[in-house]
Amino acid sequence: MSETKLYIVPTPIGNLDDMTLRAVKVLNQVEVILAEDTRTSGKLLKHFNIKTPMQSHHMHNEHKVVDSLIKRLQAGTVMALITDAGTPAISDPGFLLTRACVENKIKIECLPGATAFVPALVNSGLPNDKFVFEGFLPPKKGRQSRLIVLAQEPRTMIFYESPHKLVKTLSQFVEYFGAERKISASRELTKLYEETLRGTLKEVLTHFETTAPKGEFVLVVEGCK
């Protein structure tokens with residue numbers, strides 16, 4: 001690769017068979033791979049026999065290292081950015097570096113690939129012609145005001161949530177959106193124990209109040225009628 005460029009490379013969200021041939025090719029050809037967690041990504045690279053050196057790039061250091069990465073890109077280093085799973089910058093590090101590349105007129109090429117919310121939306125059975133991706137709700141400050149706004153959102157809404165916060169979030173959905181609003185809750189997408197539970201918010205909340213949530217969740221919620 002002779003042209004200076006930042007490649008944004010999606011990685012599988014669970015099933016390694018979802019890695020694309022193009023992604024493997026790019027990761028083999030770049031000079032350095034920026035990885036959210038080098039231990040996690042190391043397993044992926046080993047599986048595909050990719051020997052390109054890695055550098056840590058995560059939410060705790062991305063503000064500090066952006067300037068130095070831009071200088072290296074300007075000097076001719078060809079890089080790829082990956083995260084632990086899915087597409088970088090979608091509820092993962094990547095936006096700050098991408099924005100800096102745009103501001104400094106450095107070329108960016110984003111490969112198509114795995115993103116957890118797409119299969120969850122498609123198999124939800126809820127309208128997907130128009131939707132809004134919310135990712136993770138604010139943990140504290142701004143959470144209530146965001147839920148008040150979203151209570152009137154007519155489009156299908158997509159959220160990410162961790163297992164230990166799921167019941168709390170579903171309870172708040174019932175409070176702000178109403179118990180009869182429909183929801184599809186998907187977990188462990190593409191993995192061995194992939195599961196999707198559909199029903200009203202009250203039904204899904206009741207299920208997880210008695211069955212401990214496991215795995216990361218994608219919540220697809222019906223819009224306001």
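Residues checked against (1) touching a Leu at 6+ places or on another chain (Cβ under 8 Å); (2) within 30 Å of Glu222 (Cβ to Cβ); (3) aromatic (Phe, Trp, Tyr); (4) touching a residue at least 24 places away in the same chain (Cβ under 8 Å):
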site	(1), (2), (3), (4)
Pro88	yes, yes, no, yes
Thr98	yes, no, no, yes
Glu109	yes, no, no, yes
Pro112	no, yes, no, yes
Phe117	no, yes, yes, yes
Ser124	no, yes, no, yes
Asn128	yes, yes, no, yes
Glu134	yes, yes, no, yes
I'd like to verify a number: residues in the stretch 152-170 that are over 12 Å from Lys225 (Cβ atoms) and polar (S, T, N, Q), how many?
2
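Residue by residue through the stretch 55-64, note down the ones that are outside any loop (DSSP other than H, G, I, E, B) and crowded, with 17+ Cβ neighbours inside 10 Å.
Narrowing the stretch 55-64 to residues outside any loop (DSSP other than H, G, I, E, B): 55-56, 62-64.
Across the stretch 55-64, the qualifying residue is only Glu62.
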Pairs where the first residue, in the stretch 41-63, is closer than 12 Å to Ile82 by Cβ and the second is among the small types (Gly, Ala, Ser), C-beta under 6 Å, 6+ apart:
Ser41/Ala35; Met54/Ala35
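Can Gly94 be described as out of contact with any Phe, Trp or Tyr (no Cβ under 7 Å at 6 or more places or on another chain), closer than 22 Å to Thr190 by Cα, surrounded by 13 or more Cβ atoms within 10 Å (Cβ to Cβ) and not hydrophobic (A, V, I, L, M, F, W, C)?
Working: out of contact with any Phe, Trp or Tyr (no Cβ under 7 Å at 6 or more places or on another chain): yes; closer than 22 Å to Thr190 by Cα: no; surrounded by 13 or more Cβ atoms within 10 Å (Cβ to Cβ): yes; not hydrophobic (A, V, I, L, M, F, W, C): yes.
Here the answer is no, as Gly94 does not meet what is asked.
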Hand me the list of strands (runs of 3 or more DSSP E) wholly inside the stretch 69-137 holding 2 or more residues that are within 15 Å of the chain's Cα centre (by Cα).
79-82, 131-135
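Scan the stretch 169-179 and give yes if some residue there is closer than 30 Å to Ile82 by Cα, at pLDDT 95 or above, outside any helix (DSSP H, G or I) and polar (S, T, N, Q), otherwise no. Even if it seems obvious, please write down each step before you answer.
If we filter the stretch 169-179 for residues that are closer than 30 Å to Ile82 by Cα, which is where we start, we get 169.
Among the residues that remain, those that are also at pLDDT 95 or above are: 169.
Restricting the remaining residues to those that are outside any helix (DSSP H, G or I) gives none.
Taking every residue of the stretch 169-179 in turn, none turns out to be closer than 30 Å to Ile82 by Cα, at pLDDT 95 or above, outside any helix (DSSP H, G or I) and polar (S, T, N, Q).
The values are calculated or read from the model by the stated rules, or taken from the named source; none is laboratory data. Everything quoted here is computed from the prediction, not taken from an experiment. FYI the Cβ positions are ideal-geometry reconstructions off the backbone, even for glycines, and counts take in every protein chain you see.
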